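A short write-up of the structure that comes next.
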Number of protein chains: 2
Amino acid sequence: MLKRYLPVLSWLPHYNRRLLGADVLAGVIVTAMVIPQSLAYALLAGLPAVVGLYASLLPAVLYALLGTSRTLAVGPVAIIALMTGAALSNVATPGSAAYLQAALVLSLLSGAMLVAMGLLRLGFFANFLSHPVIAGFLASSAVLIAISQAAHLAGISAGGYTALTLLTSLAEQLHRLHWPTLAIGLGTLLFLVASRRYGQPLLITLGLAAPTAGLVARSGPVLAVVATTLLSWQLGLEERGVAVVGAIPGGLPPLTLPELDLGLWRALLMPALLISVVGFVESISMAQMLAAKRRQRISPNQELVGLGGANLAAAVTGGMPVTGGLSRTVINDEAGARTPFAGLFAALGIGLVTLLFTPLLYHLPIATLAATITVAILTLVDIPLIRQTWRYSRSDFSAMAATILLTLTEGVEAGIISGVVLSIGLFLYRTSRPHSAVVGRIPGTEHFRSIQRHEVETLGHVAFLRIDESLYFANARYLEDTVMQIVARYPGLEHVVLICSAVNLIDASALESLEAINERLKEAGVTLHLAEVKGPVMDRLKRSDFLDDLTGRVFLSTFAAWQAFKPSTA
Amino acid sequence: MLKRYLPVLSWLPHYNRRLLGADVLAGVIVTAMVIPQSLAYALLAGLPAVVGLYASLLPAVLYALLGTSRTLAVGPVAIIALMTGAALSNVATPGSAAYLQAALVLSLLSGAMLVAMGLLRLGFFANFLSHPVIAGFLASSAVLIAISQAAHLAGISAGGYTALTLLTSLAEQLHRLHWPTLAIGLGTLLFLVASRRYGQPLLITLGLAAPTAGLVARSGPVLAVVATTLLSWQLGLEERGVAVVGAIPGGLPPLTLPELDLGLWRALLMPALLISVVGFVESISMAQMLAAKRRQRISPNQELVGLGGANLAAAVTGGMPVTGGLSRTVINDEAGARTPFAGLFAALGIGLVTLLFTPLLYHLPIATLAATITVAILTLVDIPLIRQTWRYSRSDFSAMAATILLTLTEGVEAGIISGVVLSIGLFLYRTSRPHSAVVGRIPGTEHFRSIQRHEVETLGHVAFLRIDESLYFANARYLEDTVMQIVARYPGLEHVVLICSAVNLIDASALESLEAINERLKEAGVTLHLAEVKGPVMDRLKRSDFLDDLTGRVFLSTFAAWQAFKPSTA
C-alpha cells in the first residue's frame, strides 16, 4: 500500500554502489546540460531566467519520491513554458510582480489538478487528446516558439502568442536588428545544427565509442554556452548592445505562497487544466517509451500524483509549471541514469550552481539560448507523420489541421480545445452513421457475409441485418431509419434478424429505439429477432422489459436463426 | 429538386374536396384550442400575451410550405417559452421594449441556425442529446414551469428561472396570496385533471363514439377558458384584484425588423443554439411518431429548413421562437387534419381572432391560463422512464440526474449543456476501456469463446485476443496495456492473434498504437497477427505502412489462424 503511493520504497532497498556511481555521473552531466535549457524556458514564459533554475530543484526531488518512472527528468519544458506565457500574459504584464505571482498560482492549480486526477484515477482523461491533435499541437507550438526565438536571435523582441501578433511585432521592430547579436545567434544555430547532424559520425571516425560519441555530440549546447559566454565576457559584448542573461540573484529559492485571489484563480483554471493535460501527455509518453525499453512498468495514475507533487513544489519555491521533459529525459537516460537518484543529484548540482555560481552566467548571450531552443523545438515538427495522417484518414487529418491552424492564429488554448472538440465530434459523427450490411449465407458454411460483396444464399422472407457499431444515443435514430428502409425495400418480409456480433453496448437511448423498432415492425406484421448478442450486452438487456416485449427470439448464432427459418428440405 | 425544397409541391397536386373538408374542420378546432395556449406561453416567456398569437400565424404558414410532416402544428411551446424567458431575462428587463427586441433577435438567430443546419445537412446534431438527457431536461423544465405557474394560480408572481429563485420569490410573496384568484385557479386545475382522466370514459358511457369522446374531453381547456372568462366578466373579477389578460391590441401582426446590435447577438448566440436543438428534437420526435403511424416519411434536414423558416417568420412579425408542439400537434392530428392546409386554416382562424375578437379575451383570468399550462406540462414528468433508466444503466441515469439537478438549480442552459457533455464523456469513458477476452476454440466447431466463460481448447504458444470495441484515440493506450499484460501473463507465448470482428474503425491514434504493439512484441520475440478484419477497416489499413511492418499475417477467420498454428495431428 505504502509502496504504491511512495514508489521510492520499491527500489531503494535494492540500491547499491554500482547504481550510485551511474546515478552520480548522470546527475553531473544533466546539471551541465539542463541549466541553459531551464534559463531559456523561463525567458520563453516571460519570467526571469532564475525561475527556470528554481523550477528544476524541489520539483525534481518531489517527482523522484512520488513518480514511477526510473529515469524521467522533470523541470520546465518548451511547450509548457509557451502555454504558461500565453496564460500569464492574459492576466498580468510580463515583468511585473503580479506576473510572477500568477506563475505560482498556475503551478499550484495545475499541481492540485494533477494530484486530484491521480487520486480519482482520472488518468484516462489524457486519452481524449488524439495522437493527430497532439502532433498538430506540438508542430504549431514549435513554429510559434521558433518565431519568438527568431526575434531574440536578431537582437529584437517580438511579443504575443499567436503567429499574427508575433510576426507583426517582429516586422515592426525589424529596423532595430542588431548585427552583433545576429552573428552570435546564427553562428550558434549553425554550430548546433551541424553538431546534431554530423557530430556523432565525426566523433566515431575520430575513434570514440558510439554511445560516448552520441553523448558528446549532445553536449553541443553546453559547448556553445561556454564558448559564447567567454566570448561575450572577453569582448564586452554587453556594452555593445548584445542582450545577456545578466545578474541572477544567487542563493536558494525563496519560499513562496501563491496569492488567494479568487478572480485570478478563476481566470487561470482553464489554462491550468490544459497545461496539466498536455504536460501529462508529454510526460507519460516519454515515461512509457523508456519503461518499455527497460521492461519496467509505469502507473499512469501515480504519475499524475508525481507530476502534481512536482508542480505543487514549484508553487512554493518560486517556480513555474513543470513536467517530464523530452530533451532532459533523453539526456538523463543516455548519461546512464539508473534510478530517480540521478534526478536528485542533478537537482543537487543545479542547486549548487544557483547558490554559488550564477555570476558565471552573467555574460551568457540571450541569442545563444534562443538558438538552443530553436534547434531543440523544431524536432517537434513531424512532417512525415502529418503526411501519413493525411493519407490514412481525412477525418483525423482535419482534426490535426484545425489544431495547427487555430494554434497558430488564435493561440495554444483555442488550438488544443478545438482539436479535442473536433476529434470527439468526428468520432461521434462516424459512429452516428454506423456501417451495416444485409448478409446472406456463404453456401455450405456457417458463415454470413454482405450480399453486396459476396455470392451468398438468402431467404426471401427473412432479412439478416448486421450492425457494425455499438448502439447508443448518437446512432439510435439512424438505426430506426435503417431497419424501416429495409422493410420498405423487401415487400415479402416476415422476419428481421439483427446480428449483434459487433454491438458492444446498447445504452438507454438505443434500448428505446429497439423498443420503437419492435413496435413499428409489429404494426407492419414483421417479427424482430436478435442474434449473436454478447454476454455483457445480454446481461443488461435482461434488466429491462425489452426481451419480454420482443416479438421474436434471441438466437445464439446467425446460423441457428438461418436453420430455424429455412424451408424444410424434406 | 424543387419538390425536395418545397415539399408542398408533392401533395398539392393530389389535393381534393374530401381532404379540404377534413382540414377545414381540424383548422377550426385547432383555432379554438391553441389560442389560450399561445397566450399562456407568451406570458411564460415574460412577453405580452399577444406575441403568442403573432407567433402562431406566419410561422405556421411557413412551416406548411417548407416542412415535410403532414400534421405537425408549429407555434409557441412550453419548454421553448421557458428557455426564451431564461435567455431574454439575462439581456433585458421583462416588460421593456428591449426585451421585445431581444425576442425577435432570438427568433432570427434560431431560425438562421436551423436553416443553416438543414442546408449543411447537420440534422445528426440533434442525436447528441441522448434520450435520458432529453427526458431529464423535460421533467425538470416541467417542474420549473409548474412552480412559476403555481404563483399565478395563487395570484402572485414569482420571478426567476431556477428552482431556488422561483421558490424564494414565491415564499417572499406568499402573504400577498389572493383567495379569489386561487379559487379560480384551483377550480380550473381540478376540472382539467378530472376531464383529462375521466372525461373520455364518461362521454363514451354517455353514448359518444370513442374518437369524438376523446376530442371533446380534450376541449376541456376551451370550456374552462370560456366559463372562467364569462364568470370573470359577470362578477367583475378584475376590480376585485383577479389578474386578467386585459387589453390585447387588435389587428394584424406588425412587421418587425430585429435590431443589429452585435453585443446582443453574441449574448443570444448560445441560447439560440440550445433553443434550436431542443426545439428540433421535440418537433422531429413528434413528426416521426406521426409519420410512422401513417407510413409517411420525414426528412430531418428539410424539417430543419421548415422550422428555421417558421422562426425567421416569427422574427419579422413580432413573434417569439417557435417549434412543432406536442399538444397542439396531438390536437391537430386527432381533429382529423390530413395535410399542412389544416395548419393554414388554423393560422387563418387565429388571424381572424387576432384581427377582430381580442376584446373577447379581455376578462380571461391569468389563473385559468396557469392551470392550463400546469396540467399540460406535468405530463412531461415521466417517472416510469426515470425508474427504468436507473434499472437499466447507472451511467445513463447519472447523465439524466445531472441534467435534472442542474436544470433545477442552475437553469435550463446549464442543465442541458452538462447533460450533453456528461453523456458524451461517459460514452467515451466506456469505450476507452473496451471489453476484451482471451478466447479458445469450442471443441469440434469453428467457434471461439472466452476462456473464462466457456470450456474451450487453447494452444499454449498462441494467445487469441478478441477486442470488443472500435480502436480509436480514447482506447489506443489501453489496448497497448492489455496486450502487454497478456504477454507478461503467458511466458511461453510465441504468437498473439488480435481478433477484430468487433472492430469497426481503427483511427490514426490506434494505428500508431498497433505499430507500437507490433514493435514491442517483436522485441519480446512474439509475432503479431490479425484475424477477421472487416472490409472497410482493411481497405484503410492498406493505405498505411502497418501491413508491411506487421511481423505476422492477417487471417480471414480465427479458425484459419487456429489451423495454421495447431500442432500437426499426423
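Annotations
- You will find that of B:380, B:352, the residue that is out of contact with any Gly (no Cβ under 7 Å at 6 or more places or on another chain), more than 14 Å from every other protein chain (Cβ to nearest Cβ), under 29 Å from residue A:512 (Cβ atoms) and open to solvent by 30 Å² or more (accessible area, probe 1.4 Å) is B:380 and no other.
- When B:272, B:267, B:291, B:287 are checked against the criterion of being open to solvent by less than 10 Å² (accessible area, probe 1.4 Å) and over 19 Å from residue B:6 (Cα atoms), B:272 stands alone in meeting it.
- Of the helices (runs of 4 or more DSSP H) contained entirely in region A:1-52, those carrying at least 3 residues that are open to solvent by 30 Å² or more (accessible area, probe 1.4 Å) fall at A:2-5, A:17-44.
- Residue list for region B:531-554, filter: small (Gly, Ala, Ser), more than 9 Å from every other protein chain (Cβ to nearest Cβ) and not in a loop (DSSP other than H, G, I, E, B): B:531
- Subset tally (residues that are within 8 Å of chain B (Cβ to nearest Cβ) and of a type in the set (A, V, I, L, M)) for region A:467-483: 2
- Total residues in region B:497-512 satisfying the condition of being over 19 Å from residue B:464 (Cβ atoms) and either hydroxyl-bearing (Ser, Thr, Tyr) or facing chain A (nearest Cβ under 7 Å) (or both): the figure is 7.
- Criterion (hydrophobic (A, V, I, L, M, F, W, C), more than 14 Å from every other protein chain (Cβ to nearest Cβ) and within 23 Å of residue A:244 (Cα to Cα)) met by exactly one of A:50, A:143: A:50
- The residue list B:470, B:509 contains one member that is crowded, with 24+ Cβ neighbours inside 10 Å and under 15 Å from residue B:433 (Cβ atoms), which is B:470.
- Scanning region B:294-304 for residues that are at pLDDT 75 or above and either closer than 14 Å to residue B:70 by Cβ or open to solvent by less than 20 Å² (accessible area, probe 1.4 Å) (or both) turns up B:298, B:299, B:302, B:303, B:304.
- Cβ-Cβ under 6 Å pairs, at least 6 apart or on other chains, region B:400-412 side under 13 Å from residue B:147 (Cα atoms), far side buried (at least 20 other Cβ atoms within 10 Å of the Cβ) and not β-branched (Val, Ile, Thr): B:408/B:140
- Check on residue A:56, part of a helix (DSSP H, G or I) and either crowded, with 24+ Cβ neighbours inside 10 Å or in contact (Cβ under 8 Å) with a residue 60 or more places away in the chain (or both): no
- So residue B:392, is it free of Cβ contacts under 8 Å to residues at least 40 places away in the same chain and hydroxyl-bearing (Ser, Thr, Tyr): yes
- Some residue of region B:77-84 being open to solvent by 30 Å² or more (accessible area, probe 1.4 Å) and not aliphatic (A, V, I, L, M): no
- Any hit, region B:393-407, residues being surrounded by 18 or more Cβ atoms within 10 Å (Cβ to Cβ) and of a type in the set (Lys, Arg): no
- Annotation note: Cβ proximity below 6 Å between a residue of region A:426-442 that is within 11 Å of chain B (Cβ to nearest Cβ) and part of a helix (DSSP H, G or I) and a residue that is surrounded by fewer than 21 Cβ atoms within 10 Å (Cβ to Cβ) and not basic (Lys, Arg) (sequence gap 6+ or interchain) occurs for A:426/A:395; A:432/B:124.
- Residue within region A:281-295 that is over 15 Å from the mean Cα position of the chain (by Cα) and assigned to a loop (DSSP other than H, G, I, E, B) present: yes
- Residues located in region A:449-466, provided they are more than 13 Å from chain B (Cβ to nearest Cβ), more than 15 Å from residue A:498 (Cβ to Cβ) and either open to solvent by 80 Å² or more (accessible area, probe 1.4 Å) or in a strand (DSSP E or B) (or both): A:455, A:457, A:458, A:459
- In region A:320-347, of all residues being open to solvent by less than 20 Å² (accessible area, probe 1.4 Å) and hydrophobic (A, V, I, L, M, F, W, C), the one that is nearest to residue A:380 (Cα to Cα) corresponds to A:331.
- Residue A:528 meets all of the listed conditions (1) within 14 Å of chain B (Cβ to nearest Cβ); (2) modelled with pLDDT of 90 or more; (3) closer than 24 Å to residue B:288 by Cα but one, namely (1).
- Exactly one residue out of B:494, B:523 is within 13 Å of another protein chain (Cβ to nearest Cβ) and open to solvent by 60 Å² or more (accessible area, probe 1.4 Å): that is B:523.
The values are calculated or read from the model by the stated rules, or taken from the named source; none is laboratory data. What you see is a predicted model; the values in this text were computed from it and never measured. FYI the Cβ positions are ideal-geometry reconstructions off the backbone, even for glycines, and counts take in every protein chain you see. Calculation scope for accessible area: heavy atoms of the full protein, side chains included, ligands and nucleic acids excluded. Shrake-Rupley method; radii C 1.70, N 1.55, O 1.52, S 1.80 Å.
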